[in-house]
Structure formats: C-alpha cells, structure tokens
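Read-outs: derived from the displayed coordinates by stated rules, not from any lab. For clarity, every value in this text was computed on a predicted model and none was experimentally measured. All Cβ positions, glycine included, derive from the backbone under ideal geometry; neighbour counts span all protein chains shown.
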Amino acid sequence: MRASSAKSELIFSEGFFPTEGFNVLLTPLYVRVVLIQADIKIVLVSIEMTSLPADEIAALKDIVLRETNADTCWICVTHTFSAPHVMPDFVLRTDDDKKHKRDLQAALYNATRLASADAASSMVNAKMSIGSDECSVCINRDIETVDGWWVGNSGTGATNKTLTAIHIIDDANQTIAVLVHYAVQSSVLDGSMMSTGGKAVSSDLAGTMAAKLEAQIGGTVLFLVGAAGDQAPIGKAKSCKFDQARKLMEYDLQDDGIEICNTLSDQMVIAATCAIQSAKPVASNEVFVQDAAVIVPAKEMKPLHELYPTRIPPYISKGTMETPIFLMGLGDITLVGVQPELNCLTAKEVTDAHPTALIVTMVNGGAKYMADKDSYQRITYEAMNSPFGKGAAEILASKVKEMLASRP
C-alpha cells in the first residue's frame, strides 16, 4: 500500500467579507486530501464547509481525479456551520452576489487543486492501523417542549460516543494521515454573533480538532462526519434553554463560544490520541469500492422558517426517491458513505451487525436529514426537515447490511 496527504487553505479575495452575515475570518478553512493506493487508487477529500451542491461536487471531483489520476474519490464536508455557502445561481439577485460566488468558487477550486497535486506528488509506502476511544463531546439534541420536540443540546436520547481513528504511517513510522470518525455536528459557533458584530467564519469543532492534532503528531487529519443527524456538541455558543414554563428561550454566549470550541476540540484530540496509541494493524492492504442505490419513501419538505415544535404530524407523502450508497473498503474496515444525515440509531442498526463498518454522512453531496422511525413518530426536527418519508432510514440500513454481508 502507498499513501500520501496534503492540505491547502481557502484564500478569500480582498473585499470578500462581509457575506451571509459573516464579517471576519476567525480561523482558516482548509481542503484536506488523503490518497491511498493498493489495487486501485482512491482519494478522500474533506472540505471545511457546511455543504456543497451537486454541480460543485462534480466540479471538485473533476479537479481531484485530474490531479491525482485516481480511480475514484469521495468529496466530504466537515459540516461546519460557520462558513459561507456556494449558492445556486437562481438565488443570486445582484452582481455582488454573483461575484461573491465566483470568488468563493475560485478559493475552493484552487485549494482543492493544490492539495490534490501535492498529495499526488508525495506517495510513499504506508501501513494502516485502527483504534477507538470514548469521547463525551456529543449529546443527543432532540428535546421535548410543551409544544413538541425541538433542537437543543440536552437531549436524553441515544448517542454514539465512540471516536475512531484510522492512522496511516510511512516506513519510518511517521504520520501520513489520520481519518477521525465521530458522530457530532461541528456546530459550536453556529449562528453566534461576535461582540464586534456579525458572525465569524470558522472551521469550528472539527477543524479546530484537526489543526491541533496535526500540530501534535504531523500529517493531515481528515474528519469524517458520522451519523450525527441527532447529535450536537455538549456546549454551544448559541442554543436554547427552558424557562419556568418549559418554553424554549434562546441565548448567545458570543465570544465565549470560542473557548467552548477550544475545550471540546481538546477533548477530541485526547480521544483521538488515545485511539491512535491503542490502534491495531489493519488486517490487509486491500482497497476496494462499491456503489449502489436504494429506493426509499419521499415526502414534501417545508421551508426552514415554517418549521416549529408540533404534536400534529405534518408529513405529506411525495412518492419515492433514490439515494446512493458508497462503500470504501480499507482492508477489513469498510467506510459506508451516504448523502443524508442519519440519526444515531440508524448507524447502530448497521454496526451491530457489522462492527468493522463506519457510517460516514454527507459523502458526495448532502441530502438533508433521514431520521429513524421513532423520530418520525415523535415529530422531531430531523423528521420534519427531511425530503425522506418514514421508513426510509430502515430501508437504507437494510440495503447497507446486505452490501456489507457480500463485500469481498
């Protein structure tokens, strides 16, 4: 097996800010690339953005595959909410809006090109190991109010506190890359206003963790978002709490949220370090990929501003839709890539049957939430803010288990 890695910063043009309410760059945003070759050559790309539309995914894949000459690649995002979006053309109303999009695309494409080319030029012999440790940074975010279920960071539902690290080293035992897998939304600073006014662009929890771990052990640290649809950081700058009448009241800690982000990222670094130190060699150097698709129920999805806690099921069926599934085998480990944001229990259904599988969400595009059946019953935010109907997650999980049972 051979491998390499690289990262490159998104460089924003002069005058790019303010945009989308962001006034300042708090921490840099990076594109990270990990390149692995055995029988085939695969690329994992992680971009510190919230999400990417399909046309941007296609453009980025073209860049990566051209620069690396790889057989396939996954484009992933860290899902930081503190980053500008590449907006679709139909929402761009002014020339300034269009210029902002061109500037953001230029920064994104250039960083992807540089990181991919750098990785392609530095391939070396490599070996992998995998380990895990408990990390108490995540909590179930579904909380029950007097009016129905809503989003917070004090839920008592299921969580997956296992942080997994895949450590890739060279012949001198130097770190090439670490794939850190954990089920949490990178949203400590989501929506928070700085004391100086406006929001700050930040790599948030996942990016802060990655930068700290890179400084500690070298190489490139690539964060893979687990089944975090109903998982939030235990501390957030902006969140909700109950008043005496059990009504939700919003608060914003503003600049103090930065310290929360640093504290939680330190905990992730400690867990990742422990996982690496206890890691066991991956059983083989075989690499494989397999893609499939599954048909699931669909439903209408209301605009965000129309969502609120309710006890009355708001679901309107919309037939069926197709959603892709991507398998990437690294020895006896299987990364299972999906586009929807799955809930914790859906991942557990898969991993209970196949413990060496890791569910990775928002791979090659995002598709909003795909909640488990209990979430639809309770009418949670994940169930409402979804294009998928009740039962979709269970159908997808069944298909994934079938694919894993027959993988080479």
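Summary of values
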| quantity | calculated |
| --- | --- |
| Size of charge dipole - the chain - debye, nearest 20, with Cβ of Lys, Arg +1 and Asp, Glu -1, no other charges | 480 debye |
| Partner lysines for K7 [C-alpha distance under 18 Å; skip if fewer than 8 residues away on the same chain] | K61, K212 |
| Residue-by-residue Karplus 3J(HN,Hα) for the stretch 50-59, coefficients 6.51, -1.76, 1.60, Hz, glycine and proline x | 6, 6, 9, x, 4, 5, 6, 4, 4, 5 |
| Whole-number percent relative contact order across the stretch 276-353, with pairs defined as alpha carbons under 8 Å at least 6 apart | 35 percent |
| Value of relative contact order over the chain, rounded to a whole percent, pairs C-alpha under 8 Å and six or more apart | 17 percent |
| Mean-position separation - Cα centroids, the stretch 131-195 and the stretch 38-91, in angstrom | 21 Å |
| Contact order normalised by residue count of the stretch 2-120, Cα under 8 Å, 6+ apart, percent | 35 percent |
| Partner aspartates and glutamates for K373 [C-alpha distance under 18 Å; skip if fewer than 8 residues away on the same chain] | D142, E144, D230, E300, E341, E349, D352, E382, E394 |
| Virtual paramagnetic centre 7 Å along Cα→Cβ of K280, amide N under 20 Å, in the stretch 149-175 | 161-169 |
| Protection proxy ranking of 310-316, 292-298, 248-254 - average other beta-carbon atoms within 10 Å, highest first | 292-298, 248-254, 310-316 |
| Candidates per trypsin sites (Lys or Arg not before Pro) in the stretch 45-100, loop by DSSP, up to 14 other Cβ within 10 Å | R93 |
| Dipole of the chain, positive end: most advanced residue of W149, L92, V269 [Cβ charges, Cα centre] | W149 |
| Of all DSSP beta bridges in the stretch 287-405, antiparallel share, percent nearest 5 | 75 percent |
| Computed [θ] at 222 nm, deg cm²/dmol, the chain (DSSP H ≥ 4; -39,500 (n - 2.57); rounded to nearest 500) | -9000 deg cm²/dmol |
| Nearest-20 debye value, the stretch 2-120 charge dipole, Cβ charges on Lys, Arg, Asp, Glu | 240 debye |
| Inter-part distance where the stretch 340-356 and the stretch 230-284 are each reduced to a Cα centre, Å | 21 Å |
